[in-house]
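Chemist: One structure is given below, represented as structure tokens, and several questions about it will come after.
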Amino acid sequence: MSQQVTLEVPDGAVKMFGGDEAHFAREMYETAIAKWYDEGRISSGKGAELLGISRAEFLDLLFRHKVSPFQYTPEELAAEVSRG
């Protein structure tokens, strides 16, 4: 089951992505999913599931959005390094 969400955006926003509304909508959705992952709100598996892609493709998407695939807090990272 899915829901459709309608957003109003300025004409210029869609034109920045070549004027293709479907491409623009997909870019917005992918960016939101990458941001939610970056914030720790969803896992990589959930992100891939929401986008209908494999986890490997999701990791590529994170790379394209300059989002680290590693979800460590500064404290967790320091603990890992000190164990090393």
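Chemist: Could you say whether any residue in segment 55-64 is part of a loop (DSSP other than H, G, I, E, B) and open to solvent by less than 60 Å² (accessible area, probe 1.4 Å)?
Modeler: There is no residue in segment 55-64 that is part of a loop (DSSP other than H, G, I, E, B) and open to solvent by less than 60 Å² (accessible area, probe 1.4 Å).
Chemist: Quick one: how many residues across segment 31-84 are within 24 Å of SER2 (Cα to Cα) and among the β-branched types (Val, Ile, Thr)?
Modeler: Result for segment 31-84: 4.
Chemist: Next up: Determine which member of the set LYS15, LYS35 is surrounded by 12 or more Cβ atoms within 10 Å (Cβ to Cβ), modelled with pLDDT of 90 or more and among the basic types (Lys, Arg).
Modeler: Just one listed residue meets the conditions, LYS35.
Chemist: When segment 63-84 is examined, which residues are found to be within 19 Å of GLY45 (Cβ to Cβ) and β-branched (Val, Ile, Thr)?
Modeler: Correct list: VAL67 only.
The values are calculated or read from the model by the stated rules, or taken from the named source; none is laboratory data. For clarity, every value in this text was computed on a predicted model and none was experimentally measured. Here the Cβ is made from the backbone with ideal geometry for all residues, glycine too, and neighbour counts use every protein chain on show. Note: accessible area is taken over every heavy atom of the protein model, side chains too, but ligands, DNA and RNA are not part of it. Shrake-Rupley method; radii C 1.70, N 1.55, O 1.52, S 1.80 Å.
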